[in-house]
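Report on one structure; see the data block that follows.
The values are calculated or read from the model by the stated rules, or taken from the named source; none is laboratory data. As the structure is a prediction and not an experimental result, all values here were calculated from the model. With ideal geometry, Cβ positions are generated from the backbone for all residues, glycine too; neighbour counts draw on all protein chains shown. Quick note on the areas: whole protein, heavy atoms, side chains included, nothing else; ligands and nucleic acids left out. Shrake-Rupley method; radii C 1.70, N 1.55, O 1.52, S 1.80 Å.
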Amino acid sequence: MTAVFNCPISDYHVVVMNTRHLLLIILFSICGSAFGQLTVTHSLFLIGDCGEPYVDGDPIGSVLRDKVSQAAKATVLFLGDNVYPKGLPPPGARLRKEGETALENQVRWLDGLNASGIFIPGNHDWAHWGKRGIHYISNQQQWIDSLKDPRITLLPRDGCPGPVPYPLDDN
């Protein structure tokens, strides 16, 4: 089941895909105003709970890619729970490959698009707040950094609390 809600007075859309996964796409625009005309210069997309390795076959990724591809410039915020069930374990650990697959799927959604991606850790990424949580966040940050893609990052860095300013444009 898919539900799409449109706000007639703004560029605000919410797309809800089945109850297992919730995809919130909020096209929040930074607008320039000239004589009452609005121009969308940047779109912000919010999505969370995509950390299951099987999410690659789910329609969430194709819906997100479609919406992001329509934006002139975009930023996608991955709102946590980027790796289920308990974050990204160290290399060689039993669930490491599944965790990497979950991250690869999410990063692939942005391939070839004029978009940046910001991964924000959620409780699953922190090993469910377990004593190894900071290590699992560090593993995720190192994996994302290993991509050497300046468009993709994890914030806040080093397991520190936010907020973290992130400019969407030069203004």
Quick check on residue 111: is it touching a strand residue (DSSP E or B) at 6+ places or on another chain (Cβ under 6 Å) and acidic (Asp, Glu)? no
Residue 163 meets each of (1) assigned to a loop (DSSP other than H, G, I, E, B); (2) open to solvent by less than 20 Å² (accessible area, probe 1.4 Å) with one exception, condition (2)
Does the stretch 120-135 contain any residue that is on the phi > 0 side of the Ramachandran plot, touching a Lys or Arg at 6+ places or on another chain (Cβ under 6 Å), surrounded by fewer than 19 Cβ atoms within 10 Å (Cβ to Cβ) and not aliphatic (A, V, I, L, M)? yes
Which of (1) farther than 18 Å from residue 77 by Cβ; (2) in contact (Cβ under 8 Å) with a residue 60 or more places away in the chain is the odd one out, the single condition residue 131 does not satisfy? (2)
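Per-residue answers, yes or no, for (1) among the acidic types (Asp, Glu); (2) surrounded by 21 or more Cβ atoms within 10 Å (Cβ to Cβ); (3) without any contact (Cβ under 8 Å) to a residue 24 or more places away in the chain:
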| position | (1), (2), (3) |
| --- | --- |
| 63 | no, no, no |
| 90 | no, no, no |
| 100 | yes, no, no |
| 106 | no, yes, no |
Going by what's in this entry, would residue 123 be described as at pLDDT 95 or above and either in contact with a Cys (Cβ under 8 Å, 6 or more places away or on another chain) or part of a loop (DSSP other than H, G, I, E, B) (or both)? no
Looking only at the stretch 136-160, and only at residues there that are in contact (Cβ under 8 Å) with a residue 40 or more places away in the chain and more than 21 Å from residue 111 (Cβ to Cβ), the one that is least open to solvent (accessible area, probe 1.4 Å): 137
